[in-house]
Structure formats: structure tokens, C-alpha cells
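Read the structure below first, then the notes.
The values are calculated or read from the model by the stated rules, or taken from the named source; none is laboratory data. None of these values were measured; they are calculated from a predicted model. Cβ placement follows ideal geometry from the backbone for every residue including glycine, while neighbour counts extend to all protein chains displayed.
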2 protein chains.
Amino acid sequence: MKTTISEVSKHVGKEVKIGVWLANKRSSGKIQFLQLRDGTGFIQGVIVKSEVSEEAWNQAKELTQESSFYVTGTVREDHRSPSGYELTVTDLSIIQIAQDYPITPKEHGTEFLMDHRHLWLRSNRQHAILRIRNEIIRATYQFFNDNGFIKIDPPILTGSSAEGTTDLFHTKYFDRDAYLSQSGQLYMEAAAMAFGKVFSFGPTFRAEKSKTRRHLIEFWMIEPEMAFTDHEESLEIQEQYVTFIVQSVLKNCQLELKALDRDTSKLEKIQAPFPRITYDEAIELLKEKGFDDIEWGEDFGAPHETAIAESFDKPVFITHYPTSIKAFYMKPDPNREEVVLCADLIAPEGYGEIIGGSQRIDDLELLEKRYEEHKLTDPAYEWYLELRKYGSVPHSGFGLGLERTVAWISGTEHVRETIPFPRLLNRIYP
Amino acid sequence: MKTTISEVSKHVGKEVKIGVWLANKRSSGKIQFLQLRDGTGFIQGVIVKSEVSEEAWNQAKELTQESSFYVTGTVREDHRSPSGYELTVTDLSIIQIAQDYPITPKEHGTEFLMDHRHLWLRSNRQHAILRIRNEIIRATYQFFNDNGFIKIDPPILTGSSAEGTTDLFHTKYFDRDAYLSQSGQLYMEAAAMAFGKVFSFGPTFRAEKSKTRRHLIEFWMIEPEMAFTDHEESLEIQEQYVTFIVQSVLKNCQLELKALDRDTSKLEKIQAPFPRITYDEAIELLKEKGFDDIEWGEDFGAPHETAIAESFDKPVFITHYPTSIKAFYMKPDPNREEVVLCADLIAPEGYGEIIGGSQRIDDLELLEKRYEEHKLTDPAYEWYLELRKYGSVPHSGFGLGLERTVAWISGTEHVRETIPFPRLLNRIYP
Ligand SMILES: [Mg+2]
Ligand SMILES: [Mg+2]
């Protein structure tokens, strides 16, 4: 019976055949313990000299790290094993003996591992992080599909960018100029007027010379946009969504969280509703905590976000930022024009901002005024104004950064490990 | 009770409030018939002068196409309506009266509609096509999640391209050169060695000067890759996957298929297994059909694919193409080196190729030989060779083009209507 490691629980006491690689091996004379992986999981294979053919025993002795082979064996329950199962090997058939696999069980430097990212993905820890990423992706589709959202793919190649071209990648688009999208939001607003509730999920690009543990040049974003939805209703969707993905990972990635030594008690507390403080209150909180490097009207840096988050054991919404430091399309608070109906969601444990969102300006005159203030003279944005001419409605949306969310939920220090092939300031290989 | 048009069936006989736009209107003196849309669907609202306040009646009279408002009314079943329901309007509250909406119910030229794509998305037909696209996306995640695949996102920005740089978009990546990905396949092979079964689903880019109804500059691809899987097993996954998405659309998009006048009897026939013919047989079939413009060793054009597809009422696999016209990484047939273990899947009804796939070369020496033949000297590809050094295994994969698949299933002539914001040779707006 051909199967996979993730399915062995269905075959207890039976003989199975699995295509595998050798992750590690130890031997005690007449028994060899093979740490096997097949991509779906890890399992120990035990081969006893007296119980197999001489050929099988000798083949097992030949196996080096990352050699590929088909293993045949009987599945046994074993409560000492992390997966709960073990394989009593009866036979094996080598596909390839790997020579000098570069990533040995010893410690390697980060640059070396990043140069071998195509192989590093096979290690237990990277495997666990990216399976959690996969579960967050799966849960995201489930959440938005179940809540009546339509997936809309905004374009990556655009004729210009609403937020300036400084941090944009440029390319020639035949005889014109084009830029790689930093956000699909403006397009998602057009889509919300056509489909009501929409979400995007795709790669975005920032040619920023940042070299922090929270920045990637190429990263994935989820950008929902909702017609007939105000700021307050949007916050409720956000906290329900974040709760859903955290609880899905807790439910479906127990082995992975264990492999990463993640403190799951911290994740269990992540249940909507989330605390909300205004920007004003956040500034006050920082003053109380002794920060003297920030004044009303300035944006928070990573240390500020971390300090604010420390006061909460759930993600915290910081709402009502000063209009002057936020994007041109955010709707001013009708009771207080100097702040906007927006919120950033700050993850606990120092993982920083994972969501930015706002209600959007729906008034044509005000948006035209903002175009002037921000010198958005490029005709590439005419269409965006038209959304306020033809049946404008109150609408809100937000963007969640996938990699920062994976880093937080998996407990990974640096975002470079939360995406299969990270693009960093100094790295575009492999 | 605030609700949406797609949910009215849950509120028959009750009063609901819905945020809507006016799609169309007709009046017969004392009754106005309002065609309403809210993004989730379309419904007719009937407002009778004698049964509402004078103010509500006058507000309804003011409504122009694409005006936005909240409508209150009682849900009634109505078997004459496409959705099965109608709304007896009791009150309404205008948000914005739209002036001179450019897309009127009269006919417009394609270029005009494409210039107004941000508004055109609101029309019944575009709405239906993109909801079918959404269902195909949803069903794709369901299929691969349910079959043990992990979603892996290959990078978009790469240091080089394995298949030549002619059709690639170039950008400066800080002080280096980078290109936009045409396919994530090579990366997916690395991922399959780490995770067993993987799939990608993201945008890809071809700077091709093609201007046919089947080409987009920016399009979305699904690229599954499977370790320990041969060509034959891969074909089975492909036909199961395509069957699953077609049957999902039939089940969940009945209103949309009706709005598009799609002949659903043709879709009902799409059930695995699919017919398979070899390239040799396809050449013979074309000769029989009178084609004298193709010889063994040449690739098929759109007219050839259409002619071959005419002989079948299901998608047809064309297998075993000549090695010389296929990609360098495809595994030769061990019994016949001049052809490779590959298949293209051709959709019925003239919609052309929707899948290309193959078993990959797993032998290091042969792959090195191919590198020489194809002059792949760029160090950017060293890592790909290493996959054959360290535990190489038989593996296969394929790529499905989303937009061509949407075109086929929805019965849409040109792929430009199957993506929200198409990028074409002469178009990067809106
Ligand atoms: Mg911030
Ligand atoms: Mg072809």
C-alpha cells in the first residue's frame, strides 16, 4: 500500500510503502534508526539486522543524509515519538545516494543557509514554519469565502503609483513605463463597488532599503475591501479574521507548533474582541513608559509598537491617527478633522504591525482636494476619482501582511524564514 | 434587518434593508420597477405610488443609473425573476445621485469599455464572468488542500530566467538586474523535494508582442509539483482537478452560467478520464483533416489545437511531444529518446491549451548535458542542478492558465474579460 507519512495513522499494523529521504540516522550495531521525511511529515524507521534480508540491511547502511529511497515497513503506534507512530522497516529500495549534503546537523551561519534555501526548506524547522504559512493561507480563503467575499486580483503592473515612485520597482512596458504594485487597494475599491465585498491575496513589492527583521522586498498581502461598511464594522471583520487564522493554526498545526517550541498558551488567548486605543492614548502610554522621542503628529517606530503591545496579551488596534501621517484616501473623523477613521493592528510579543486599514473618503470634493494636496496629477488616477462620481458609498478596507503574521503565529524572529524564497536588500538568490 | 441580495431567500415575507446601486429602471405611471444590484446579485424592486410615502416615491423618481441608496422592502418569491425573488419597496434613502454614468444600456465599443474597466465590472455579464473566476479559484484551493498539497509561493523577482530573457520584463533590483517570473516551476521542484506535493497560484508575466484572444501580458497560473510521481500519475491528478473545477462551477454558479447563456450540457460531459492521443497521432489526425502546414517536429498553433479539439467533447491530452520543441527540463521517454514524457491539455470548443505538464529530468548527468545544450551558464541556476544531486526522485508537475480556463468554462470569447484589470500589449490602464 503506497502512502505518505501524514497518513500512516490509517494503516496501523499494516505494511506500507513510502517514498522518503533520510533526514538523519543512528545505529547501535544490530539496529539502525532511520529518521525519515517525505514532505508530509517525519517518522522514525527501525531496521533490525536479524529481521531483514542482508541486502536490505546493507542498503540501509549505505544511506547518507538526504538519500532518496522507497521504504517498506509495518506501522506501529509509539507514544514516545512526536508523530505518535514508528515504522518497522522490512525492506528498502534506494533511488539515489546523496553525496556530501551541505546542510549537516551541525550549526550553520544564516548567509550559508540562505544561499542554500532550496535545500534548507527540507529541515524540520523551516518545514514547520512554512506549513503554518500554508494553514494561514488555507484559513484565509475559508474565512473570506464563508463570509461572502469574492477574490479579485488587482494588477501587479500599473502605469503609476498613488503614493510616489520612490520605493517602486520600474520596468519598461513595451514603449511605456510601468511599476510593480505596492498595494492593490485602489483597484480593490473599484471592485468593491462592483462586487460588494472583495479580497485580494497576492505579492506586493517595496524597493525599500530597509534591512530589519520585519521587512521583505517581495511579500504577500491580503487586502479586503467592503462597500456599505464603516470603520467600526471593518474592525469587527478584522478581529474575527485574525482570531480565525490563529485558532485554525492551533487546531491544525499542533505538530508544527511543537516542533517550533511555540508557547501556545499565548495563542489561545487570541479571541475577538481585541482592545482598541486611540493614537492619542498610545502617545500618552508611551510617555508614561518613559519614551521622550515621540510627539503628537509623528508615526510610531518598531520600538514604540513593541512597547504599546507589551500592555496587552491580544493584538491591539491603534485608531484615529493624525491625518497628516496617513494615506491621502483615508476618511477624516467627522467630529475631528485632524485625525482619520483608521487603525493599525499591532501583534503581541513584539511582532509589530500586521494590519493597516481605514474607512475611505467617499466624498468627491474632498478627494479632489486631496489629489491637489498630494499632487496626484497623473492621469493614471482619473478612474479612481470616478468611483466617487458614480454611486459613491461608505466603504472600508484593510491590508494584512502575510509574512509578519506567519512570524508572529509561528514565533519566528525574522520574516526571512516565513516565505519560501525571501527577497532581501542583498539577496535575490536562489 | 440589514442583508444582501444573495441572502434574500432567508428573509421571504420579511422586511429587509440593503445597500444598493440602480442598474436600470422602468416606470409605468404609478409603479416603478427598479433593477437593483449590490455586488452579491441582482433583484427587481417594485415601488407602488399608492403604497409609499410621497417622499419615497419622489426619491425613486430621482434615481439615475448607478445611483447609490439604501432600499427597504419586503422579500417576495417570484418565479418569473431569474433570482426567484422580488422586493416590494417600502422606503428608500439616497446616498448619491450619479450624473451621466458613461456605460449606458446601449452598445459600446470594446476600447471604450476597456477604458472604463473600473466601471464595466459592474455590468451583469462582467459580474458573472468574474464570479465564475472566483469559484474556480475557490475550488482550486479546495482540491489541492483536500489532496495533501501545500501552497508554496515561488518568487516573482528572479535573478535570471531559464528559458531566455527575450519575453521577460526587466527591472533594476538595487544594483543588480532582475526579471519578472514567467513560471515558478523550477522553484516548485525545490519545494516538492521539501514538502512532497506543492502548488503555487500567482501572477506570471510574458512581455510577448502577441495580440490574440488567448494572450495576456499578466496572467495567473496554478503550478502543482509532485515528488515520487510519474507522468501517468500526474495526468490522473490533472483530469481530476479539471473535472472538479468544472463541476464546482456547474454546482455553485447556475445564475452566472445562465446570465452568460452558457451551454451547460457541454460542461456536464466534463468528467475524468479524459481522452489521450500522442503527438504522432495528433499530426496524423491533422493530415486527415486536410492540414498541410504542419510536419512532425513542429509545434501546434491555435488552428491546429482547435481542429484536434473538435474531435472530442472533453479536454484532450496530447502526449509525447518531440524533445526538440519542449523545455529543457522534460524527461525523455526511456523507450524513445526523441519524445518527452509530457502532455498539453487542450480544452474543447476552441478554447485552446489550458495545461502544459511533464515528468522532469531526475538524472544529474542528463540535466547537465541539457544545461550545455541550452547554454544555461548563469550561476542563478546552480541551485536547480543541486536538486538532482541530493536525493533526486522521480517527479512531475504542470501549469494551468487561470484566464484561459475561465474563458472556456464561462464561454467567453476573449481572455481580456476573464481578469479584473487586463494587461494587454496596448493597455495598462486602468
Ligand atoms: Mg504603522
Ligand atoms: Mg502548446
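Observations on the model:
For every residue, the table says whether it meets (1) facing chain A (nearest Cβ under 9 Å); (2) under 22 Å from the mean Cα position of the chain (by Cα); (3) not in a helix (DSSP H, G or I).
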{"residue": "B:A191", "(1), (2), (3)": "yes, no, no"}
{"residue": "B:V198", "(1), (2), (3)": "yes, yes, yes"}
{"residue": "B:T204", "(1), (2), (3)": "no, yes, yes"}
{"residue": "B:R214", "(1), (2), (3)": "no, yes, yes"}
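- Test result for A:I409, more than 13 Å from chain B (Cβ to nearest Cβ), more than 16 Å from ligand 1 (Cβ to nearest atom), under 26 Å from the mean Cα position of the chain (by Cα) and β-branched (V, I, T): yes
- Selection from the stretch A:95-118 of residues that are in contact with an Asp or Glu (Cβ under 7 Å, 6 or more places away or on another chain) and not hydroxyl-bearing (S, T, Y): A:I97, A:A98, A:H118
- Here A:V339 fulfils each of the conditions (1) away from chain B (no Cβ under 13 Å); (2) out of contact with any strand residue (DSSP E or B) (no Cβ under 7 Å at 6 or more places or on another chain) apart from (2).
- Residue in the stretch A:122-132 that is surrounded by 17 or more Cβ atoms within 10 Å (Cβ to Cβ), under 30 Å from B:N252 (Cα atoms) and of a type outside the set (D, E) present: yes
- Odd one out for B:I18 among (1) farther than 21 Å from A:A190 by Cα; (2) within 14 Å of another protein chain (Cβ to nearest Cβ): (1)
- B:A128 satisfies every condition listed in (1) among the small types (G, A, S); (2) within 11 Å of another protein chain (Cβ to nearest Cβ); (3) within 19 Å of the chain's Cα centre (by Cα) except (2).
- Note on the stretch A:355-391: among residues that are away from ligand 1 (no atom under 16 Å from the Cβ) and in a strand (DSSP E or B), the one that is farthest from A:L157 (Cα to Cα) is A:Q359.
- Selection count, the stretch A:301-334, where residues are free of Cβ contacts under 8 Å to residues at least 24 places away in the same chain and either within 14 Å of chain B (Cβ to nearest Cβ) or within 15 Å of ligand 1 (Cβ to nearest atom) (or both): 5
- For the stretch B:358-397, the set of residues classified as more than 14 Å from chain A (Cβ to nearest Cβ), in contact (Cβ under 8 Å) with a residue 40 or more places away in the chain and surrounded by fewer than 14 Cβ atoms within 10 Å (Cβ to Cβ) consists of B:E373 only.
Each row is one residue, and each column tells you yes or no for (1) farther than 29 Å from A:I136 by Cβ; (2) of a type in the set (G, A, S).
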| residue | (1), (2) |
| --- | --- |
| A:S248 | no, yes |
| A:K251 | no, no |
| A:L255 | no, no |
| A:R262 | no, no |
| A:L267 | no, no |
| A:Q271 | no, no |
| A:A282 | no, yes |
| A:K289 | yes, no |
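- Selection status of B:V46, more than 14 Å from chain A (Cβ to nearest Cβ), under 26 Å from B:E256 (Cβ atoms), of a type in the set (A, V, I, L, M) and touching a Leu at 6+ places or on another chain (Cβ under 9 Å): yes
- Set A:Y187, A:Y141: member being facing chain B (nearest Cβ under 9 Å), of a type in the set (S, T, Y) and under 24 Å from B:A207 (Cα atoms): A:Y187
- In the stretch B:6-39, the residue that is farthest from B:Q59 (Cα to Cα) out of those that are crowded, with 22+ Cβ neighbours inside 10 Å and of a type in the set (V, I, T) is B:V8.
- Some residue of the stretch B:219-234 being modelled with pLDDT of 95 or more, within 16 Å of ligand 2 (Cβ to nearest atom), farther than 23 Å from B:V340 by Cβ and part of a strand (DSSP E or B): yes
- Scanning the stretch B:83-109 for residues that are touching a helix residue (DSSP H, G or I) at 6+ places or on another chain (Cβ under 8 Å), away from chain A (no Cβ under 14 Å) and exposed (fewer than 15 other Cβ atoms within 10 Å of the Cβ) yields a total of 1.
- The set of residues from the stretch B:349-366 being more than 16 Å from ligand 2 (Cβ to nearest atom) and touching a helix residue (DSSP H, G or I) at 6+ places or on another chain (Cβ under 8 Å) comprises B:E349, B:Q359, B:R360, B:I361, B:L364.
- The set of residues in the stretch A:335-354 being assigned to a strand (DSSP E or B) and touching a residue at least 24 places away in the same chain (Cβ under 8 Å) consists of A:V339, A:C342, A:A343, A:D344, A:L345, A:I346, A:A347, A:G352, A:E353, A:I354.
- Some residue of the stretch A:80-99 being aromatic (F, W, Y) and in contact (Cβ under 8 Å) with a residue 60 or more places away in the chain: yes
- Looking only at residues in the stretch B:284-332 that are part of a helix (DSSP H, G or I) and under 24 Å from the mean Cα position of the chain (by Cα), the one that is nearest to ligand 2 (Cβ to nearest atom) is B:E305.
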